[in-house]
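Bear in mind that the values in this text are calculations on the coordinates, not laboratory data. None of the values given here were measured: they were computed from a predicted structure. When we count neighbours, we look across all protein chains shown, and the Cβ atoms used for this are built from the backbone with ideal geometry, even at glycine.
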Amino acid sequence: MTDVDFKIVTDRVIGLIDGVKDEQLADPTPCERYTVGQIVNHFLGLCLAFTAAARGERGPHNDAPPGVPAATPPEDWRPLLAERLQTLADAWAEPSAWEGDATAGGVTFPASIMGLVALNEVAVHGWDLAASTAQPYALAPATIEVLTAFVGQDADDQAAREGIYAPPVEPAEDATPQDRLIALTGRNPAWRP
């Protein structure tokens, strides 16, 4: 089990929800494949998949690889996303979630790895959402440290990163630890809408 509190990250993303304006849903994001609306829909789906993974469940939410998210989220996406993020944090707060194997996105990993995948998805797509809607976003130092080690382990092996991250971006010399993490995921930390 990781020492990182999942809830710190989900709370950061929940704090962004009300700052997303309806007219921003079609805007681009630093995650080149997705608009803001698609990031929202991706969040809605990944919460279900990784909650099921934490609970050791198998089914339609986590057995199939993720598809391309719809461009327009449901009308009630704000309270729905807040609820799903809270449920996700609660699921990974259980020590048993980090034991055995877990499945999400049609792949099975040791649960200790799947938990980090889930944490990374929430943290990095949270940054995508914040950057694309011009909102402040700061991850906790402990979260940044754990995720930098996790994401950085394959930084020099693009074949291992294929379909997950673009090649790492060279961060500025004075980059913050968070910017270095974002650069490792193939995003430009200086990206602005």
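At q = 0.14, 0.25 Å⁻¹, what log₁₀ I(q)/I(0) does the range 69-134 have when each alpha carbon counts as one equal point scatterer in the Debye sum? Each listed q corresponds, in turn, to -0.53, -1.19.
Working out 0.36 nm times the residue gap between residue 90 and residue 138, then minus their Cα-Cα distance, what length gain in nm do you get to one decimal? Between residue 90 and residue 138, full extension yields 15.2 nm more. Segment residue 32..residue 153, full-extension length gain: 41.3 nm, with 0.36 nm per residue of separation and the alpha-carbon distance subtracted. Spatially, the range 116-132 and the range 63-88 are offset by 14 Å when compared through their Cα centroids.
Computed from the C-beta positions of residue 75 and residue 107 and an R0 of 35 Å, the FRET efficiency is 0.65 to the nearest 0.05. Spin-label pair residue 68-residue 5: with each label point 7 Å from Cα along the Cα-Cβ axis, the two points sit 4.0 nm from one another. Counting neighbouring beta carbons within 10 Å and listing from fewest to most, the residues 21, 7 come out as 21, 7.
Can you pull the Kirkwood radius for the chain, inverse mean 1/r over Cα pairs, to one decimal in Å? When all Cα pairs of the chain are included, the Kirkwood radius is 16.7 Å.
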